[in-house]
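Structure first, commentary second.
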Amino acid sequence: MCIIFNYAGKHYNNNQNRKVSVMPLNDYIKYLTQQITSYIDTPAKEKKEQKVKNKDESPVYLNRWLGVLPFAFKVAKKKTN
């Protein structure tokens with residue numbers, strides 16, 4: 001599968017020949033810079049606390065054992081309702 005980007009911020013999938021809209025490059029660079037600067041500005045103590053908090057949260061075992069399938073079924077069920 002080959003994806004080609006053009007200057008308008010859209011990419012074309014050669015296998016399906018349809019347009020898919022994506023975030024323009026300038027907006028994406030702006031978003032990345034904001035994320036990086038917010039990470040750099042965060043004190044080390046807060047980063048460690050967040051890391052410990054994320055490790056303490058237990059994972060969803062259905063996803064861990066069976067992968068993405070339970071999530072896909074849940075999303076499909078919500079779309080049909």
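So, A44, is that one surrounded by fewer than 10 Cβ atoms within 10 Å (Cβ to Cβ) and modelled with pLDDT of 80 or more or not?
Numbers: surrounded by fewer than 10 Cβ atoms within 10 Å (Cβ to Cβ): yes; modelled with pLDDT of 80 or more: yes.
For A44, the condition - surrounded by fewer than 10 Cβ atoms within 10 Å (Cβ to Cβ) and modelled with pLDDT of 80 or more - is met.
Just one residue in the set Y12, Y31, Y39, Y61 is touching a Lys or Arg at 6+ places or on another chain (Cβ under 9 Å) and at pLDDT 70 or above; that residue is Y39.
The values are calculated or read from the model by the stated rules, or taken from the named source; none is laboratory data. Keep in mind it's a predicted model, so treat the numbers as computed, not measured. No Cβ is skipped: glycine too gets one built from the backbone with ideal geometry, and neighbour counts run over all protein chains shown.
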